[in-house]
Structures are given as structure tokens and as C-alpha cells.
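Each remark here refers to the structure printed beneath this line.
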Amino acid sequence: MKLIRNINNTNIINPSSIVSIGNFDGMHLGHQKIFSELCTIGKTNNISKTIIIFEPQPLEFLNKKKAPKRLMQFQQKIKYIQKWKIDTILCIKFNKYFSSLSPEIFIEKILIKKLNTKYIIIGEDFKFGSKRHGNISLLKKLEEKYQFKVIEIPSIYKKNNKVSSTNIRKYLIADKIELARSLLGRPFSILGRVIHGNKIGRKIGYPTANILLYPNNPIQNGVYAVKVSCFQNIKFIGVCNIGIKKNYITQKKQKILEVHLFDTNINLYEKKIEIFLYKKIRNEFNFSSIKFLKNQISKDVQFTQKYFKKIKENKKKYE
């Protein structure tokens, strides 16, 4: 897979391509439907499978203060796109120049001259170009001129809930973790590198791996039943706390995730881990003593063990 970050240094990227364009924030079921169709057509026609994404995401540049919270940071998004065996990811730097580009110029300069696009596959709500004036209708009008075919993927619904990044953010902010999971097609997850903490968990018998959370993360503070992928797709059950803590290194207060893994004592410092949130156990609150904290963590651990045991039993029941 090629990841291209600077389009200005590149002439023709692919001899011919099937292309999809978007933020793909969350890589939810709707995105997966687009990718599935893209891969099928690309393989059938023996052409390059190409994805166009933007960094920062357009609304983060146009209105940073009101930009939607991110479901995925850049590295995690790339990780999930790679699973589809895409040939080329073109990451366009979204800036003042690019935001002023008309849809017609975008089509000509990027889709035609750079990618030699033969198929464009997009969701029905897709908008692009200056002031979002570009849409499916415009693309279809230009099919004959540029000799490409536009394939529109309709939105999908789960129990009358439209699968969209907007709805997933809404559910996560409202602590509706299970609803968000149904639209994602998997538990919401956070990818990060383990940093050193203040070692309080270790002192009371519940050592934790800590990661910093990006500021615009949609997940709410509290305690969650989780699974953690550390290496080679091995997942450990655990319990995590998300809250505002003092960073051990910078001494600044930041949003931090602390996760205690069951039945393992592996060293995770400086390792990248992915935490999958299955259920919110409770809100975060302060304790008047270490004793009360330890007792509550013990209850959280017991709840989590019973929760995953029940999931396992139900899975076996329907197999």
C-alpha cells in the first residue's frame, strides 16, 4: 500500500483507479459497505483501489472550535483502511488553498490528471469542493466528459438508526456505548502509546497501562469494561478509567485512560495498544481514602468478569 502525503510532488499516481473520497471517521458499517464495493470493482477490473482522505478533516480547518469530535485519529484510521488491502491512500492537506478549490477543478486536477479515475464510489450524502458545492449530481453530469462512472452507495440503517459518524458521536457522548457499537460494527476503540503514570494502581494491587487521549475524543469520563489488543491480535479483558489526571511527565492536567488488564503482568511501556470499550460501568468519582478506592475497583473488576462471562455463555448458546 502506498500512503501519499504530498500530492504536489507527484505526477500520475496510478495508471487507472477506482476512487472513494471522504473522512471515513470511525470506519463504520456504511464506510465498510463502500470499501467492500470498491474492492470488488477494483479487483474485477484490475485497476488500482484508491482512497482520498483529508488532514485535518475539513471542519477542523474551517471551524476548529465547533469541529465534531473525532472517532479516530489519523494513525488508527490508516490501520483500519489497510485491512481492506487498498493500493493507494492519498492524504490531502486541507488548507486555505484546498478549501477554495471548486468541485470542477478538484475533479480535473486530482481525480483525472493525478488518479486517472475510471470509477468513483461515494455515499449518498457526499459533498466536496469550495462551500461543499460538489455533489453526486455534478459528478454524474461529468461522467461522459471525463469517461468515469459514478456509483452511489445508499445509507444503511440499524433498527431505524442511520449509520453515520454523526450518530455514533451522539451516542458516545450520551453514554450509549452499545448503540454506537451497533453502528460501528465493532466496539468503539482508542489507540495509543502507553506512558508512565504515578504508579498508584500498582501500589494497591491494580497496575494500569496509561495512555493520553486526544483532546477532541468523544468518549465520556468514567469506568468501562474493555478488551485490550496489545500485540499479535491477542486481546486481554480489563477495566479502564477515563478522566482528567495530572500527566506524570508534564505535570499538566490532561484526559488520560488507565486500564488494568486481568490475568497478565506484561510490560507495555512505550507499546501501542488498542482499547475496545464494551460497556460503561459507572461514572468517575473521587474517593475519600485509598481503602474506598480499592474496594470500588474490586467491585468494578467483578462486574467486568461477570459481564464478559455472560457474553461468552450467550455466544456458545447460539453457536
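Give all pairs with beta carbons closer than 6 Å in which a residue from the stretch 182-210 that is within 16 Å of Lys272 (Cβ to Cβ) meets a residue that is modelled with pLDDT of 85 or more and assigned to a loop (DSSP other than H, G, I, E, B); count only pairs at least 6 apart in sequence or on separate chains.
Hits for this filter: Val194/Leu268; Val194/Tyr269; Val194/Lys271; Ala209/Val194; Ala209/Leu268.
Name the one entry in Gln147, Gln232 that is surrounded by fewer than 16 Cβ atoms within 10 Å (Cβ to Cβ) and free of Cβ contacts under 8 Å to residues at least 12 places away in the same chain.
The unique qualifying residue is Gln232.
Output the number of the condition that Glu178 fails; it satisfies all remaining conditions of (1) out of contact with any helix residue (DSSP H, G or I) (no Cβ under 9 Å at 6 or more places or on another chain); (2) closer than 30 Å to Lys312 by Cβ.
Of the numbered conditions (1) out of contact with any helix residue (DSSP H, G or I) (no Cβ under 9 Å at 6 or more places or on another chain); (2) closer than 30 Å to Lys312 by Cβ, the odd one out for Glu178 is (1).
Can you tell me which residue within the stretch 58-106, out of those that are charged (D, E, K, R) and in a helix (DSSP H, G or I), is surrounded by the fewest Cβ atoms within 10 Å (Cβ to Cβ)?
Result: Lys65.
At pLDDT 95 or above and in the same structural domain as Phe287 (by TED's automatic domain parsing): which single residue out of Asn217, Asn241, Asn198, Asn233 fits that description?
The match here is Asn241.
Can you spot a residue in the stretch 150-171 that is surrounded by fewer than 20 Cβ atoms within 10 Å (Cβ to Cβ), at pLDDT 95 or above, within 24 Å of Pro15 (Cβ to Cβ) and assigned by TED's automatic domain parsing to the domain that holds Arg70?
Checked against the condition, which is being surrounded by fewer than 20 Cβ atoms within 10 Å (Cβ to Cβ), at pLDDT 95 or above, within 24 Å of Pro15 (Cβ to Cβ) and assigned by TED's automatic domain parsing to the domain that holds Arg70, the stretch 150-171 yields at least one hit.
Give all pairs with beta carbons closer than 9 Å in which a residue from the stretch 89-111 that is touching a residue at least 60 places away in the same chain (Cβ under 8 Å) and closer than 15 Å to Ile4 by Cβ meets a residue that is surrounded by fewer than 17 Cβ atoms within 10 Å (Cβ to Cβ) and hydroxyl-bearing (Ser, Thr, Tyr); count only pairs at least 6 apart in sequence or on separate chains.
Short answer, once both residue conditions are applied: Leu90/Thr10; Leu111/Tyr146.
Mind checking whether some residue in the stretch 118-127 is more than 23 Å from the chain's Cα centre (by Cα) and either in the same structural domain as Phe231 (by TED's automatic domain parsing) or assigned to a helix (DSSP H, G or I) (or both)?
No, the stretch 118-127 contains no residue that is more than 23 Å from the chain's Cα centre (by Cα) and either in the same structural domain as Phe231 (by TED's automatic domain parsing) or assigned to a helix (DSSP H, G or I) (or both).
When you scan the stretch 277-308, how many residues do you find that are among the charged types (D, E, K, R), in contact (Cβ under 8 Å) with a residue 12 or more places away in the chain and over 18 Å from Gln220 (Cβ atoms)?
Count: 1.
The values are calculated or read from the model by the stated rules, or taken from the named source; none is laboratory data. Note that the structure is predicted; figures quoted are calculated from it, not measured. As a convention, Cβ positions derive from the backbone with ideal geometry for all residues, glycine included, and neighbour counts pool all protein chains shown.
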